[in-house]
1. Quick check, is Thr108 more than 21 Å from Leu172 (Cα to Cα), touching a residue at least 24 places away in the same chain (Cβ under 8 Å) and either open to solvent by 70 Å² or more (accessible area, probe 1.4 Å) or touching a Gly at 6+ places or on another chain (Cβ under 6 Å) (or both)?
2. Take region 341-363 and flag every residue that is open to solvent by 20 Å² or more (accessible area, probe 1.4 Å) and over 28 Å from Thr272 (Cβ atoms).
3. Against the definition (modelled with pLDDT of 95 or more, open to solvent by less than 70 Å² (accessible area, probe 1.4 Å), under 21 Å from Thr96 (Cα atoms) and more than 18 Å from the chain's Cα centre (by Cα)), how does Ile73 come out, yes or no?
4. In region 5-30, which residue that is surrounded by fewer than 18 Cβ atoms within 10 Å (Cβ to Cβ) and in contact (Cβ under 8 Å) with a residue 40 or more places away in the chain is farthest from the chain's Cα centre (by Cα)?
5. Just need a number here: residues in region 85-105 that are surrounded by 14 or more Cβ atoms within 10 Å (Cβ to Cβ) and not in a loop (DSSP other than H, G, I, E, B).
6. Can you tell which of Thr181, Thr202, Thr187 is of a type in the set (Ser, Thr, Tyr) and at pLDDT below 95?
7. Specify which of the listed residues (Glu163, Glu189) is surrounded by 18 or more Cβ atoms within 10 Å (Cβ to Cβ), charged (D, E, K, R) and in contact (Cβ under 8 Å) with a residue 40 or more places away in the chain.
8. Kindly list the number of the only condition in (1) in contact with a Leu (Cβ under 9 Å, 6 or more places away or on another chain); (2) at pLDDT 95 or above; (3) open to solvent by 10 Å² or more (accessible area, probe 1.4 Å) that fails for Leu379.
Amino acid sequence: MSRKTILVLGGGIGGLTAASHLRRLSPAEHRIVVIERRHAFSLCMSNLWVMTGERKDPRDGERELSRLASTGIEVVQAEIQAIDPAAKTVQTTAGTLEGDYIILALGTETNPQAVPGFAESALNLYESDGALQIQRTLNEFNGGRIVVLVSRTPFSCPSAPYEAAFLIESLLRHRGVRQRTEIALYTPEDQPMLVAGANLGTALIEMLEERDIELHWEQIPMKIDPASRRILFELDDTSFDLLVGVPPHIAPAAVRESGLVDASGWVPVDPTTLQTRYSGVFAIGDVTAVRLPIGMYLPKAGVFADEEARVVAANVAAEIAGESTATRFTGHGFCYVEVGDGMAAYASGNFYGMPGPRVTLEPPSKRYRREKVELEQTLLALWQ
């Protein structure tokens, strides 16, 4: 059996799960190389806790990637400049790497400039520095209008803006300034988390109404005026004193220029094997476009990246060993939805269900909030 090299592009949850499972499943002579521009692994789910001040320092949710060397996984800290899926080569700022397999796990990039005025007006919930700014602003907030704005779809972690609204409401209520504050959420979506089905969306709407949080859907921002603090939509506009924003998401430039994306702007893959149209080249997580039977796409969420990574790792390891590749991704997923007051709801189900996703939402409880904290601790412990 000849020595193989597997290039894992991206050091997020999908890439590191794929690399760690491949290392466990593959003989030591095979190279597993993770290429990542950052020096540390970070969980974006921690941003909500940074926002509320429960976590003071974003670095508490990070782990150094250099620790992977002790497990037999190579790490190349470099920017990926170009990907040739046919030749299975990757050009980086540290040189060109050649592989026998490529696992693309580069996630998304945010593009605040796509909405004029966003970068100048909004505090970015999807960046750790932005979450820290929100924390500091909320600590001094004494009343006014807070808008949580989803600027474009799709975006990573579909529950995050709703959780942000719930957590802001809870925090300000406990600070005694809720009665002087309006909270509104604007989104281009037809309803909250539409792909998960009407039942989940209805439940979220009810929870927003219970907390007197405005919800405005089918609202696409055209531009934001930082001077007047107004958001201009296609048919409406609104004002804000504090703007918490979800910026537009795009695939990384090297992916967009690789020939791997389709008209959606993301990488289409086989929904069960995650293989691209190139043999031996797989894509997992947020960078993918997995079309569901109902015509919509699988949400961009870490739980799917994790499970997809396990499937790809098992199949690549089996193929290298000359065995059949029978592991399949089934579309099951779950999500903890924080609602404040130390509680979270729990959504779970089969997104590959017919005729459409079958997802249920368990009511908020302190138990589910504890489970979310335990999940983060488990994930970070993998990279101790």
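1. no
2. Listed by number, the residues that qualify are Asp341, Gly342, Met343, Pro363.
3. The answer is no for Ile73.
4. So, considering only residues that are surrounded by fewer than 18 Cβ atoms within 10 Å (Cβ to Cβ) and in contact (Cβ under 8 Å) with a residue 40 or more places away in the chain, the one farthest from the chain's Cα centre (by Cα) is Ala28.
5. Summing the residues that are surrounded by 14 or more Cβ atoms within 10 Å (Cβ to Cβ) and not in a loop (DSSP other than H, G, I, E, B) in region 85-105 gives 9.
6. Thr202
7. Result: Glu163 is the single residue among Glu163, Glu189 that is surrounded by 18 or more Cβ atoms within 10 Å (Cβ to Cβ), charged (D, E, K, R) and in contact (Cβ under 8 Å) with a residue 40 or more places away in the chain.
8. All conditions pass for Leu379, except number (2).
The values are calculated or read from the model by the stated rules, or taken from the named source; none is laboratory data. Just so you know, these numbers come straight off a predicted model, no measurement behind them. Note that we place each Cβ from the backbone using ideal geometry, even for glycine, and neighbour counts take in every protein chain shown. Surface accessibility is based on the protein's heavy atoms, side chains included, excluding ligands, DNA and RNA. Shrake-Rupley method; radii C 1.70, N 1.55, O 1.52, S 1.80 Å.
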